[in-house]
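Only one structure is covered here, and it is reproduced in the block below.
The values are calculated or read from the model by the stated rules, or taken from the named source; none is laboratory data. From a predicted model like this one, the values you see are computed outputs, not experimental measurements. Ideal geometry is used to build each Cβ from the backbone, glycine not excepted, and the neighbour counts take in all protein chains shown. Ligands, DNA and RNA are stripped out before the accessible areas are found, and what is left, the full protein with its side chains, is counted by its heavy atoms. Shrake-Rupley method; radii C 1.70, N 1.55, O 1.52, S 1.80 Å.
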Amino acid sequence: MNAPKSLINKDLRIDTLRGLACIFLVLFHIIGAGKQSGLKIDAGMLRDINDLFSYVRMPLFTFLSGYVYAIRPFSSGTGAFIKGKVRRLLLPMLIVGTLYAVIQSLVPGTNRGVDDWSMLHILPVAHFWFVEALFLIFIAVLLLEKLTLFSHKKSTLLVIALAGLLFLSPLNTRYFAGSGALYLFPFFLSGMFIKRFNVSGSKLIGMGIMLGVIVALYFKFPDFNASKYQRDIFTLLVGIAACTSLFFLSVKSFALSVIGQYSYAIYIFHVFFTAASRICLDKMGVHDISVIIALSLIFGLAGPIMIEHTLSMNAYTRTLFLGKRYDKNPPSPLPLTQLSRIFLRA
């Protein structure tokens, strides 16, 4: 089928992997991190699968961020670069993150809310830690670019090695997502390295690396324990290997790539829809886990896509809620009816 040009990335692999990462992320928040969140599943196959994907979920998001950054890396204009990242990352975090915290504190049936409102965003709100950590990473990358440490392979590999040492270090702080930044940095640099130095690999190599990842996870089972606060060599190596193997496998799916085009909106807004669908289904007497997961996944993906379409049509909301450039005459988004047809035909 002929797809609209606006929905086609020059590298279909990247948006396909973004779409896959979105599915992993939404499923994570549906199932929950344990007894205190989501469906509060504490044991069993779903718990094990959710914990297993912790080794690839956020590393993949960050690996792709590094790859995309390397397509148009910083070259000049420090002020403009920082301003752009504040607009794209911090502005939606402050507005949508605060809205999320307020709703969470007011609506019955949601998960744990904010303990200390005076520390809002100083201690990150829920999943918005990733956005805050990514901003810190971009500031670090800006400084490293100015020092020309990414000009050559050897110096870039040295930076990656140092980032790995910081990952393995005992340094930990929840303030401004500092620990999250240390956790994500090696994965960002790995994605950036692959793009900047045109590292390529065959599908056979990708399959070989993935087989190694599967074997490693098999011997780790069921003691999966990857998080931004618990960093070890296993998590680091498996995360980088999994991301690299998925990239080398070069999977291309148009349906996943369409989801991937909306990855930022899905990341920011999906929790509103997964929580709402879970609460509504519970009120309706629907308690079948498979039904709840399936419907919550659909709402968690489709809801943010509709939100982005709606907010993008206004010059102010597109900037405040999505971090897009202010535009007095914003481009018309693809009609949702056409988008639905694309999914059905993909």
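Points to keep in mind about this one:
- Here is the figure for region 74-83: residues that are surrounded by 14 or more Cβ atoms within 10 Å (Cβ to Cβ) and modelled with pLDDT of 95 or more total 2.
- Test result for Ile23, among the β-branched types (Val, Ile, Thr), modelled with pLDDT of 90 or more and under 30 Å from Lys146 (Cβ atoms): no
Conditions (1) surrounded by fewer than 21 Cβ atoms within 10 Å (Cβ to Cβ); (2) at negative phi; (3) in a helix (DSSP H, G or I), marked per residue:
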residue	(1), (2), (3)
Thr148	yes, no, no
Leu158	yes, yes, yes
Leu162	yes, yes, yes
Leu165	yes, yes, yes
Gly178	yes, yes, yes
Leu182	no, yes, yes
Pro186	no, yes, yes
Ser190	no, yes, yes
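The rows are residues; the columns are (1) more than 22 Å from Asn50 (Cα to Cα); (2) of a type in the set (Gly, Ala, Ser); (3) open to solvent by less than 40 Å² (accessible area, probe 1.4 Å).
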position: Leu171; (1), (2), (3): yes, no, no
position: Val199; (1), (2), (3): yes, no, no
position: Ala216; (1), (2), (3): no, yes, yes
position: Lys220; (1), (2), (3): no, no, no
position: Phe224; (1), (2), (3): no, no, yes
position: Phe234; (1), (2), (3): no, no, no
position: Thr244; (1), (2), (3): no, no, yes
position: Ala255; (1), (2), (3): yes, yes, yes
position: Gly260; (1), (2), (3): no, yes, yes
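- Unique match (being assigned to a loop (DSSP other than H, G, I, E, B) and of a type in the set (A, V, I, L, M)) among Val114, Val102, Val86, Val131: Val114
- Residue in region 116-129 that is more than 27 Å from Ile194 (Cβ to Cβ), touching a strand residue (DSSP E or B) at 6+ places or on another chain (Cβ under 9 Å) and either in contact (Cβ under 8 Å) with a residue 60 or more places away in the chain or buried (at least 18 other Cβ atoms within 10 Å of the Cβ) (or both) present: no
- Residues located in region 39-73, provided they are hydrophobic (A, V, I, L, M, F, W, C), open to solvent by 30 Å² or more (accessible area, probe 1.4 Å), outside any helix (DSSP H, G or I) and under 28 Å from His121 (Cα atoms): Leu39
- Lone unmet requirement of (1) open to solvent by less than 60 Å² (accessible area, probe 1.4 Å); (2) on the phi < 0 side of the Ramachandran plot for Gly323: (2)
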